[in-house]
Amino acid sequence: MGKSLNNPLDFKNCIAYPGLFNAHDHLLGTYLPRVGRGPYLSWKPWDDDLKTSDLYQERSMLTNAHIYQISYYRQILSGVTTVCDHIPHIVHKDFLGGSFVRIIKEYCLAHEISSYELKWGDDHKVEIERAKKKNIPFITHLEEGFDEESKQGTEILHRKKGIFKNSVLVHCVSCSLEDIKLIAKQKASMVWCPNSNYYMFNQTAKIKDFIEQGVNVCLGTDSPMSGSVNLFAELQFAQKTYQKLYGSKISPKLLFKMITINPAKAFRLDQQLGTIEEGKLADILILKKSKEVDPYKKVVNANTEDIEMLWKEGVPLYFKEEYYSKLPKAILQNYEKVCLESKGGKITAYLIGKPHLLKKKINESVNFKKELEFIPII
Ligand SMILES: [Fe+2]
């Protein structure tokens, strides 16, 4: 093997990819169904509708620990080993050690830039300065809406010196071409969440302009309470959206970069993640080879049944039944056998942790049999 293995590795019966990277999520929102009466003018009325909904009450009957556990399975079953949980550190600090997937730890943040933002983190200028000093990401929603304040988000953030190489700017739905050129010039990254954007606004960012201007674009699911069920669904939605908006197909290789090396760069983790390469962490997604010969097309159209195995730092998170006897006996007690419902039919596989117990706890918490697509155990 060569030193640099940036591309998917093509084997006889399967293809190996770096573990996927979900660049934007709020893990505490891992619940269903989606809530909303859009299209809205900004994220705020959606947030008000969510927080006054019966479903929000229902979700609050679960412990945060259980919701975080659900969120790990949601990521695993779409090949994700690393996720950005955009939330104040205090919310998830107790879950970082016990998480099956990697949750980004080092970042500064704002919720967004308007006068009606949620108060996350310290003052914007303090968070921005800290991110620069520590060379860690500064993450914020930006222009998540079409009201006058949202539309001025880029300009306001730039005045606060908040658009720079470590900035991870999420949504950007009302960014003008001038805004996009500024973001490109400042070498900031952007996270595209088309499903959430369409659900809330019936529109999304001018993604072709972001790509053409050379912005480091990443893809994220956002919370499933506005966005996609998982990253596989987001990839499929992104392809349909691009085709609908521009009448041509988005490059599968580019989409693949948006879920691997681009977010690794955006979150300053490209020395460890984003490619299969000597010296990097052993996060590996193995998909079953099918008639689809192009490895990029294969991964951007994948579903759970295509996953043969998923590894994070050399530890299996998920594997199909046939691999059970090939793994060291000492580790097998860490997995439960599950029969999963997927688009292509039923799968028998092993999942890390105690997914059956988690399902039981969810049902006990809400006092009825709650079906959640994230854990499609039959
Ligand atoms: Fe978000």
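Here are some notes:
- Among (1) part of a loop (DSSP other than H, G, I, E, B); (2) out of contact with any strand residue (DSSP E or B) (no Cβ under 8 Å at 6 or more places or on another chain) - the single one residue 72 does not satisfy: (1)
- Residue in region 233-247 that is polar (S, T, N, Q), free of Cβ contacts under 8 Å to residues at least 60 places away in the same chain and in a loop (DSSP other than H, G, I, E, B) present: no
- Verdict on residue 204 being open to solvent by less than 20 Å² (accessible area, probe 1.4 Å), within 16 Å of the ligand (Cβ to nearest atom) and in a loop (DSSP other than H, G, I, E, B): yes
- Residue in region 29-36 that is within 16 Å of the ligand (Cβ to nearest atom), under 16 Å from the mean Cα position of the chain (by Cα) and within 30 Å of residue 148 (Cβ to Cβ) present: yes
- Looking only at region 160-177, residues that are part of a loop (DSSP other than H, G, I, E, B), within 15 Å of the ligand (Cβ to nearest atom) and touching a residue at least 60 places away in the same chain (Cβ under 8 Å) come to 0 in all.
- Scanning region 324-345 for residues that are of a type in the set (Phe, Trp, Tyr) and in contact (Cβ under 8 Å) with a residue 24 or more places away in the chain yields one hit, 324.
- Qualifying residue in region 278-297 (condition: over 21 Å from residue 21 (Cα atoms), part of a strand (DSSP E or B), open to solvent by less than 60 Å² (accessible area, probe 1.4 Å) and touching a strand residue (DSSP E or B) at 6+ places or on another chain (Cβ under 8 Å)): no
- Put simply, of 151, 132 the only residue that is open to solvent by 70 Å² or more (accessible area, probe 1.4 Å), modelled with pLDDT of 95 or more and in contact with a Ser or Thr (Cβ under 8 Å, 6 or more places away or on another chain) is 151.
- If you go through region 161-180 and keep only what is among the charged types (D, E, K, R) and open to solvent by less than 60 Å² (accessible area, probe 1.4 Å), you end up with just 179.
- Filtering region 190-199 for residues that are hydroxyl-bearing (Ser, Thr, Tyr), within 16 Å of the ligand (Cβ to nearest atom) and closer than 22 Å to residue 155 by Cβ leaves an empty set.
- For region 217-240, the set of residues classified as open to solvent by less than 30 Å² (accessible area, probe 1.4 Å), more than 14 Å from the ligand (Cβ to nearest atom), within 15 Å of residue 72 (Cα to Cα) and out of contact with any Lys or Arg (no Cβ under 6 Å at 6 or more places or on another chain) consists of 231, 232, listed by residue number.
The values are calculated or read from the model by the stated rules, or taken from the named source; none is laboratory data. Small disclaimer: the values here were computed from a predicted structure and weren't measured. Neighbour counts run over all protein chains shown; Cβ positions are idealised from the backbone, glycine included. Just the protein is used for accessible areas: all its heavy atoms, side chains included, with ligands, DNA and RNA removed. Shrake-Rupley method; radii C 1.70, N 1.55, O 1.52, S 1.80 Å.
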